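Read through the structure below, which is laid out as structure tokens, and then see the notes.
Every read-out reported here was derived from the displayed coordinates using simple, explicitly stated rules and does not represent laboratory data. The structure presented is a predicted model; accordingly, all values stated were derived computationally and were not measured. Neighbour counts are summed over all protein chains in view; Cβ atoms, including those assigned to glycine, are modelled from backbone coordinates with ideal geometry.
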Amino acid sequence: MTGPRSTRERADDGTERGSPARVVGSWRAAWLRVEGHWTWYRRYWTSNLYSSGLQPLLFLLAMGIGFGSQVDPGAATGGVSYLHYVAPALLVAGAVQNAVGAATYPVLSGFKWQKDYHAISATPVTPGQVLGGELLWIGLRVVLAAVVYALVATAFGAWRDMGVVLVVPVAVATALACAAPVAAFAATTYDEGARFAALFRFALMPMVLFAGTFFPVEQIPLALRWLAWISPLWHGNELARAVALGGGAPLPALGHAAYLAALFTIGGLLARHYFYRRLVV
């Protein structure tokens, strides 16, 4: 069983592993997974519109315009209106929520319920390419939701200038930095996914609430502030506000970007390992 798979991994397109043609073939196989998702999504995209694009906008209306009308610009908001302060962070938070959701039950379904991962990996497509396709698809969905949010939020005056163009890639990078380790977590899940509820309740929601989305983390007691600092969402929020509002120093921005890149890399390597362990039998 492992012999044929190992042979396919070495030369499933007639080239040596690691050659340029092999790399092109790997990306092409990953995009085949994206194409499969798109075939379904283009028929049912309206059912995902609320969670992917409209839900963050409702938060923006409630917090940025409703509650935000009672908050005067000051040191806590960096001297800008609360609407301008919260808009980029809500975009990033919405992207992270979408990515984590897409990396939990849908990934587990590929192993356990629909078992389409097993069907795909029976072809020359490797488990690593399956994972690559999933992460690409999650990234594309996040891009779509982020663009919808950014365009509609423009009508409410949520952006000061064209810095929003850079907020979207920051949101996508933060979302993928969270999606990769969560996909690894899903690949090690063998029950009905009950522990995803704990992930949402004790990791995702506290991260959204206390990682600088709605207020500066400096208002959190110092003994607990480190929990916000290790959160990928805090790093994404800081980057998003820096590019949207200006005034961000290059060195902290580089540190935030490096943290997200490291999390994505480690999470991706772990997910690849667990995808191979579960699919290569």
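To make sure I understand, if each residue's beta carbon is the centre and we count other beta carbons within 10 Å, what order do I120, I65, I138, I230 fall in, fewest to most?
By the 10 Å Cβ count, ascending, the order reads I230, I65, I120, I138.
Taking the number of other C-beta atoms within 10 Å as the exposure measure, put M63, M205, M162 in order starting with the fewest.
Ranked by crowding around the Cβ, least crowded first: M162, M205, M63.
Show me the chymotrypsin sites (Phe, Trp or Tyr not before Pro) within region 104-165 that DSSP assigns to loop and that have at most 12 other Cβ atoms within 10 Å of their Cβ.
Passing sites in region 104-165 are W113.
What's the local net charge at Y85, with K and R +1, D and E -1, over the other residues with C-beta under 11 Å away?
Local net charge: +2.
Tell me, what HN-Hα J-couplings in whole Hz come from the Karplus equation 6.51 cos²θ - 1.76 cosθ + 1.60 at θ = phi - 60° for each residue of region 235-248, using x for Gly and Pro?
Along region 235-248, the couplings run 5, x, 4, 5, 5, 4, 5, 5, 7, 7, 10, x, x, x Hz.
Tell me, which longest segment in the chain has none of the trypsin sites (Lys or Arg not before Pro) that fall in DSSP loops with at most 11 further Cβ atoms within 10 Å? Could the numbers behind the result be given before it?
Values: sites that count: R17, K115.
The reported range is 116-281.
Just to confirm a number: summing +1 for Lys and Arg and -1 for Asp and Glu over residues other than A194 whose beta-carbon lies under 13 angstrom from that of A194, what do you get?
+1
Residue by residue through region 187-197, what is 3J(HN,Hα) from phi via Karplus (6.51 cos²θ - 1.76 cosθ + 1.60, θ = phi - 60°)? Round to whole Hz and write x for glycine and proline.
Values, residue by residue: 5, 9, 9, 10, 8, 8, x, 4, 6, 5, 4 Hz.
Mind giving me the nanometre distance, one decimal, between the label points for Q114 and M162, set 7 Å out from Cα along Cα→Cβ?
3.9
Place a +1 charge on the Cβ of each Lys and Arg in region 2-279 and a -1 charge on the Cβ of each Asp and Glu, then give the dipole magnitude about the Cα centre in debye, rounded to the nearest 20.
700
Within region 174-281, report the GluC sites (Glu not before Pro) that DSSP leaves as loop and that have at most 12 other Cβ atoms within 10 Å.
Filter output for region 174-281: E192.
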